[in-house]
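Only one structure is covered here, and it is reproduced in the block below.
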Amino acid sequence: MSDAFTQRLEATGVDFEIVPCDPALADTAAFCEAYGYALEDSANTIVVVGKAEPPLYAACVVLATTRLDVNKVVRKRLGTRKASFASADETKALTGMEIGGVTPVGLPDGLPLWVDARVMERERIILGGGGRDRKVHAPPSLLTALGAEVVQGLARNAADA
């Protein structure tokens, strides 16, 4: 049985695995601890908003061990004076996904998808699965197959943030 989400993944031609998870353990640190994945291989999809009229949005994929550079890199790429993380409500309204399950698979057309270059250096990554009940384990080439633009310096080391 194949749902629309799985069909989108299959359409990329990239090898992937759907990993079921307890929704209560969907947040990155809890998931990695419970299911034995390394934080260094966990990639978070974060929706950001540029303060403009109308607001400008983008989805960014960064390793869990890094911090998205919203105030410099993201803001400049959006071309706005201010940028911030989209709220949980904004994220859900824009993507149909809840925090802890946001994935680059099936994002709305026209929403830019940017990925930090460090994500592409991993052998395989674990991503949100569109809901809090599943994750996707795949090589990072999945992201470029989905149309992501690789951005140097999109995130900084967490220790430096």
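Quick notes
- Counting only Cα atoms, the size of the chain along its three principal axes is 44, 34, 30 Å, in decreasing order.
- The largest-to-smallest principal axis extents of the Cα set in the stretch 93-146 are 31, 26, 15 Å.
- When the listed pairs LYS82/LYS135; LYS51/LYS92; LYS51/LYS72; LYS72/LYS92 are checked against a 20 Å cut-off, the alpha-carbon distance exceeds it for LYS82/LYS135; LYS72/LYS92.
- For the stretch 1-71, the mean projected area of the C-alpha convex hull, equal to one quarter of the hull surface, is 7.1 nm².
- In the context of the full set of protein chains, the chain has a per residue accessible area of 50 Å² (1.4 Å probe).
- Dimensionless Rg ratio for the stretch 53-111, taking C-alpha atoms and the 2.2 N^0.38 Å reference: 1.13
- Centre separation in Å (Cα based) which lies between the stretch 115-161 and the stretch 14-48: 11
- The chain: DSSP helices with Cα axial extent of at least 15 Å and average Kyte-Doolittle hydropathy no lower than -0.5: none
- Fraction of accessible area attributable to carbon and sulfur, the stretch 1-127 (%, probe 1.4 Å): 50
- Relative contact order computed over the chain (Cα-Cα under 8 Å; 6+ residues apart), in percent: 30
- Within the stretch 4-161, antiparallel bridges make up roughly 75 percent of the DSSP beta bridges whose residues both belong there.
The values are calculated or read from the model by the stated rules, or taken from the named source; none is laboratory data. Treat the numbers as computed from the prediction; the structure is a model and nothing was measured. Each accessible area value is taken on the protein alone, full model and side chains, heavy atoms only, with ligands, DNA and RNA left out. Shrake-Rupley method; radii C 1.70, N 1.55, O 1.52, S 1.80 Å.
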